[in-house]
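Worksheet: one structure, shown below.
A short reminder: the numbers here are calculations on the coordinates, not readings from a lab. These figures come from a predicted structure and were not determined experimentally. Glycine also receives a Cβ, built like all others from the backbone with ideal geometry; neighbour counts cover every protein chain displayed.
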Amino acid sequence: MRFRLLRSLAIGLLLAVPALAPAADSPPAESHDGLRLVSSKNADVLYTRPGASLAGYKRIALLDCYVAFRKDWQRDQNSGSLKVKSSDMQRIKRELAERFREVFTEELQKDGGYALTTEAAEDVLIMRPAIIDLDVTAPDVMTAGRSYTFATDAGSMTLYVELFDGSSGEILARVVDREHARENVRMMWQNSVRNSVEAERMLKKWAGLARTALERARSGLPPQP
């Protein structure tokens, strides 16, 4: 039963992906599933369930991170000299998802934090993550020659995370936050090494914010304004 709960939550993300990105207009005060919009200085959009608390959770079930590129990203990349194959995109998505798990696992478990589990239970918080609108400025396409793109930054990506109660499966919170690579003072050549550095920085920032929010809840402190 509880394995089926985790599996259904993982599959459900695939169905929800087209509606993940925050709209250009202000988001509604209440979501379709009963969450209320709250202000946050650490996220672009934050919804929480009224009266719900994250204080009682001791373990986390971290589902696989779904990764999706920005619409028409491949077409735009291939309009120039660089040729990105579908296999290149699949590799980048796989590597980013793997690194997401590594970074979040390390941060959540740091200093005796949260044990990670693959089961659903009363003391388990289910975290369902996705990275969407991935916009890599200079993808590594594994060509024989060296390939560069002349750009001002290394791209951007949006984190989308939903939190669920491990026993009932009820959704407790939804977070959406977009991060851009740091702009350079001057134009510089971008390559896959810098892309990796920028992606790592974004993932570590998000993981740190997640750990801080969970620790505050477990300590009985109110969420940061």
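Things to note:
- Computed extension length for GLN109-ALA52: 18.2 nm, one decimal, from 0.36 nm per residue of separation with the Cα-Cα distance subtracted.
- Beyond 21 Å in Cα-Cα separation lie the following of the pairs LYS93/LYS205; LYS41/LYS110; LYS71/LYS93: LYS41/LYS110.
- Per-residue extension of 0.36 nm, minus the Cα-Cα distance of SER219 and SER26, leaves a gain of 66.3 nm for this segment.
- Summed side-chain charge close to SER219 - residues other than SER219 whose Cβ falls under 15 Å, Lys, Arg +1, Asp, Glu -1: +2
- Other residues lying with their Cβ under 13 Å from the Cβ of ASP111 contribute a combined charge of 0, Lys and Arg counting +1, Asp and Glu -1.
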